[in-house]
Amino acid sequence: MVPGNVWKVLVKPGDKVKAGDTLFILEVMKTEVPHAAEADGTVKAVHITEGQEGVDAGALAVEIE
């Protein structure tokens, strides 16, 4: 897996999300890759910012409780 750049962050702390909702979009090798919530919950923290470069695969980007 290659690192990606954060193109768009779609959630903020306090937002309620459902499983399958898109949380953020990375740009990886000029391709937009959406990342979805795995479960319903409330966004506890967002550890990435739009424009951030070099986010590694497996990095903790969004915490949901």
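The values are calculated or read from the model by the stated rules, or taken from the named source; none is laboratory data. Remember, predicted model here, so these are calculated numbers, not experimental data. Here Cβ is always computed from backbone atoms with ideal geometry, including for glycine, and neighbour counts include all displayed protein chains.
For (1) in a strand (DSSP E or B); (2) of a type in the set (Ser, Thr, Tyr); (3) surrounded by fewer than 11 Cβ atoms within 10 Å (Cβ to Cβ), each residue gets a yes or a no:
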residue	(1), (2), (3)
LYS8	yes, no, no
VAL11	no, no, no
GLU32	yes, no, no
THR42	yes, yes, no
ALA45	yes, no, no
ILE48	no, no, no
GLY51	no, no, yes
GLY58	no, no, yes
GLU63	yes, no, no
Scan region 48-60 residue by residue and report those that are touching a strand residue (DSSP E or B) at 6+ places or on another chain (Cβ under 6 Å) and hydrophobic (A, V, I, L, M, F, W, C). ILE48, VAL55
Pairs under 8 Å by beta carbon, first residue in contact (Cβ under 8 Å) with a residue 40 or more places away in the chain and closer than 19 Å to VAL2 by Cα in region 29-58, partner surrounded by 12 or more Cβ atoms within 10 Å (Cβ to Cβ) and of a type in the set (S, T, N, Q), six or more apart or different chains? GLY51/ASN5; GLN52/ASN5; GLU53/ASN5; GLY54/ASN5; VAL55/ASN5
Positions within region 13-30 being in a strand (DSSP E or B) and among the acidic types (Asp, Glu), in sequence order: GLU27
Checked against (1) modelled with pLDDT of 95 or more; (2) more than 13 Å from the chain's Cα centre (by Cα), LYS30 satisfies every condition except (1)
Could you list, in sequence order, all residues of region 1-22 that are modelled with pLDDT of 95 or more and closer than 15 Å to GLN52 by Cα? ASN5, VAL6, TRP7, LYS8, VAL9, LEU10
